[in-house]
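Visitor: Let me give you the structure first, and then I'll get to my questions.
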Amino acid sequence: MKQPVNWSEKITGWIGTPTSIFLHSVFFVGIYILRFFGWEYSDINLILTTVVSLEAIYLSLFIQLSVNRQAQNIQDVAEDIGEISEDIDEIEKDIEEIEEDVEGIEKNIDEVEKNVDEIEEDVKELTEDSEMDDQQDKKIELTQTQINSKLEQIEKIMSKLIGEIDSLKK
């Protein structure tokens, strides 16, 4: 959608251009050419003064309108800056919260690392204990075998003794 033409801004923008200065200069000098066409200086000065006065009044109105618009734009910018400042404050708070969260996570990671180290030590101890248990189990098996062997020997000896006692009884 096309924005409407803002004549007051166009006029105030045009007034400060080199073209405007040139045309005004030509008009001010040219108005005195009317003297060669039979006009009196007093009439020429009256026309010039009236035109210049009217132009000054309208220019001041256009300039004031532009100043009012600029004041509104400045107020809008100030409001935008206020909103941006609020957004920045919120972002800073969010960043602080994130930093706190990161610190908490770092502490948790440190605790997890300590726990992992402790678990590794426990696993190492359990492995060593398991190896010791395996060795003890082998020793127990050896001892059990020796005991069984001794028991068999004792049984044989007891059988012989019982046989000898029986033969002695007869």
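Only the coordinates and a few stated rules stand behind these numbers; no lab work does. In this text, all values refer to a predicted model and were calculated from it rather than measured experimentally. Note: ideal-geometry Cβ built from the backbone for every residue, glycine included; neighbour counts use all protein chains shown.
Visitor: Can you tell me the FRET efficiency between Ile74 and Ile95 if r is taken as the Cβ-Cβ distance and R0 is 35 Å, rounded to the nearest 0.05?
Guide: Once the sixth-power term is evaluated, E becomes 0.70.
Visitor: Hey, could you pull the Cα Rg and Dmax for the range 1-115, both in Å?
Guide: When restricted to Cα atoms, the range 1-115 yields Rg and Dmax of 31.9, 111 Å.
Visitor: Which one of Thr145, Thr49, Thr17 has the biggest mean-square fluctuation once the chain is modelled by GNM with Cα springs under 10 Å?
Guide: The residue with the greatest mean-square fluctuation here is Thr145.
Visitor: Sequence gap at least 6, Cα distance under 8 Å: using those rules, report the relative contact order of the range 1-103 to the nearest whole percent. Before the final figure, lay out each step's value.
Guide: Numbers: 21 pairs, mean separation 33.1, N = 103.
Value for the range 1-103: 32 percent.
Visitor: Roughly what % of Cα-Cα distances in the range 35-170 sit above 20 Å, to the whole percent?
Guide: 82 percent
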